[in-house]
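Colleague: Quick one: the structure is below, questions incoming.
Read-outs throughout are calculated quantities, based only on the coordinates presented, and are distinct from any laboratory measurement. All values derive from a computational prediction rather than experimental measurement. In this analysis, Cβ positions are derived from the backbone assuming ideal geometry, glycine residues included, and neighbour counts consider all displayed protein chains.
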Amino acid sequence: MKKSSAVNAFFRLIRWPNLLFIALTQSLFYFCILIPSFYQGLVVHENILKLPYFILLSLSSVFIAAAGYIINDYFDLDIDRVNKPDKVVVEKIIKRRWAIILHWIFSGMGIFIGFFLSWKLKNVFIGPTNLFCVFLLWFYSTTFKRKLLIGNIVISFLTAWVIGILYLSEFRIHRFVNPEFHGPLSRVYKFTVVYASFAFVISLVREVIKDMEDLEGDAKYGCRTMPVVWGLNASKFFCVCWLTVLLSALIFIQFYVLQYGWWITIVYTCFLVIYPILLLLKKLSRATQPAQFHRLSQWIKSIMLMGILSMIFLKYYTSWIG
C-alpha cells in the first residue's frame, strides 16, 4: 500500500472536513460571542478563557469526534460495504486493528486534555464531560445507532454539545456569587441555547435523511432505523415537522431582532438559512433514491454552515441582550 494512499485514507476515515467544521464553529462562538459578551461593560478584566486553553478545548473536541468517526466505521464495516462500497476505508486500506488503536489514541488525547483543563481552569465539568462523550460515541456505534431514533438523538445532542461545552467551560464557583458576571453568563447562555438548538434540530433532520440514504444496508443487517421501521413517508413527515419548528423559530427571531435594526443579519438569515430550508422541504418531498437523499444531506451541511457563520454578525451586536 502506497504511503499517500494510506494518508488519504486516514483523512477520509476521520472525516477531516467535519473536524474543520467543529473547529470553525467553536472559534466563531469564542471570538464572536464569548469574548464580546464577557468584556461588554465588565470592569474586572479577567480573561474568560485564555486563547491557549480555548485551543486545547477545541482540540479535545476534534480528537473525540475523530475517534467517534473511526469507531463508527469500525463497527459499520459490513453495512458500509452495501451502502457505500467505494468509500470503505477500514480493512480495505487501514486494517481493523489499526483503526481501533487510532480510536483509543484519539479518545485518550481528548480525555486527557479535558481533565487537564478541568484542573487548570478549576472547572469540574470539562474532563468528565469529555469522558462521557467518548463512551456515548462508543455505545452509539455498537448499540444506539441500530435503535429507533435513539442514535439520531445522540448524534444531534453531541453536535449541539460542540457549542454547549464552551458555555460550560465558563463555569467558575466565584462567578455565581459575583453579580458582575451574571449579565455576561446570561448573554452567553442565551446565544448557546439559540445556536445549540439550531444545531440539534438540523442535525436530527440530517441524521434521519442519512438513514433514508442507507436504508438498504441498514435493513439487511437488522438496524431498526426510522426508515426501516416506519418507512420513507413517515420519516419524511418527521423531518418536515422538525424543519417547520426550526423555520418558525428562525422567523420569530427575525421579528424579535427587527426592533434593534439588525438588517444585515435579517437579510442574511432570510436568504441563506430560511430560504434554503424552504427549498430543502420541496426537494425532500420529491426524493426517493439514495443519491437524492445524499444530495439533501450535503444541502443540510451547507445550511448548517450558513447558520454558524451568522455568528460573525453577533460580534458587534452583543448589547441587544440584557
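Colleague: Rounded, prolate or oblate: pick one for region 54-104, where a ≥ b ≥ c are the square roots of the eigenvalues of its C-alpha gyration tensor, a/c under 1.5 means rounded, and failing that, prolate if a/b is larger than b/c, else oblate.
Modeller: prolate
Colleague: Anyone know which of F21, F11, F198 comes out most mobile in the 10 Å Cα GNM of the chain?
Modeller: F11
Colleague: For the chain, calculate the relative contact order in percent as a whole number, restricting contacts to Cα pairs under 8 Å that are 6 or more residues apart.
Modeller: About 22 percent, as a whole number.
Colleague: A further question follows. Given springs between every Cα pair under 10 Å in a Gaussian network model of the chain, which of C32, C133, C241 has the largest fluctuation?
Modeller: In this elastic network of the chain, the residue with the biggest mean-square fluctuation among C32, C133, C241 is C241.
Colleague: I would also like to ask the following. Are there DSSP H segments in the chain that both extend 27 Å or more along their axis (alpha-carbon positions) and score a mean Kyte-Doolittle hydropathy of at least 1.0? List them, or say none.
Modeller: 51-75, 96-121, 232-258
Colleague: Among F31, F191, rank each residue by its count of other Cβ atoms within 10 Å, from fewest to most, as a rough exposure measure.
Modeller: F31, F191
Colleague: I've got another one for you. Mind checking region 63-98 for trypsin sites (Lys or Arg not before Pro) that DSSP puts in a loop (not H, G, I, E or B) and that have at most 12 other Cβ atoms within 10 Å?
Modeller: Hits after loop and neighbour filter: K95.
Colleague: Can you tell me the dipole magnitude for the chain around its Cα centre, using point charges on the Cβ only (Lys, Arg +1; Asp, Glu -1), in Debye to the nearest 20?
Modeller: 500 debye
Colleague: How big is the charge dipole of region 185-281 about its Cα centre, in debye rounded to the nearest 20, if each Lys and Arg gets +1 on its Cβ and each Asp and Glu gets -1 on its Cβ?
Modeller: Computed charge dipole of region 185-281: roughly 320 debye.
Colleague: Suppose every Lys and Arg Cβ carries +1 and every Asp and Glu Cβ carries -1, with no other charges. What dipole size does region 73-170 come out with about its Cα centre, to the nearest 20 debye?
Modeller: 160 debye
Colleague: Quick check on the chain: helices-only [θ] at 222 nm, where DSSP H runs of length 4 and up contribute -39,500 (n - 2.57) each and the sum goes over total residues. Nearest 500, please.
Modeller: So the helix-based figure for the chain works out to -24500 deg cm²/dmol.
Colleague: If I take all pairs of Cα atoms in region 64-218, what percentage of them are more than 22 Å from each other?
Modeller: Value for region 64-218: 51 percent of Cα pairs lie more than 22 Å apart.
Colleague: Oh, and also: List the longest stretch of the chain that has no exposed loop site; here a site is one of the GluC sites (Glu not before Pro) assigned by DSSP to anything other than H, G, I, E or B, with at most 16 other Cβ within 10 Å.
Modeller: Between exposed loop sites, the widest span is 92-322.
Colleague: How big is the C-alpha Rg of the chain next to the rule-of-thumb value 2.2 N^0.38 Å, as a ratio?
Modeller: 1.04
Colleague: Related question: Just to confirm the filter: which chymotrypsin sites (Phe, Trp or Tyr not before Pro) across region 79-146 are DSSP coil and have at most 16 other Cβ within 10 angstrom of their Cβ?
Modeller: Sites meeting the loop and neighbour criteria: F125.
Colleague: Using a Gaussian network model on the chain with a 10 Å cutoff between Cα atoms, which of N83, N152, N233 fluctuates the most?
Modeller: Among N83, N152, N233, the largest GNM mean-square fluctuation belongs to N233.
Colleague: Run down the aspartates and glutamates and flag those whose C-alpha is under 15 Å from the C-alpha of K147, throwing out any fewer than 8 positions away in its chain.
Modeller: Partners found: D76, E207, D211, D214, D218.
Colleague: How would you rank T143, T159, going from fewest to most other Cβ atoms within 10 Å of each one's own Cβ?
Modeller: Ascending number of Cβ neighbours within 10 Å: T143, T159.
Colleague: Using DSSP to call loops (not H, G, I, E or B), can you name the trypsin sites (Lys or Arg not before Pro) in region 108-155 whose Cβ has at most 12 other Cβ atoms within 10 angstrom?
Modeller: When the trypsin sites (Lys or Arg not before Pro) of region 108-155 are filtered for loop state and at most 12 Cβ neighbours within 10 Å, K122 remain.
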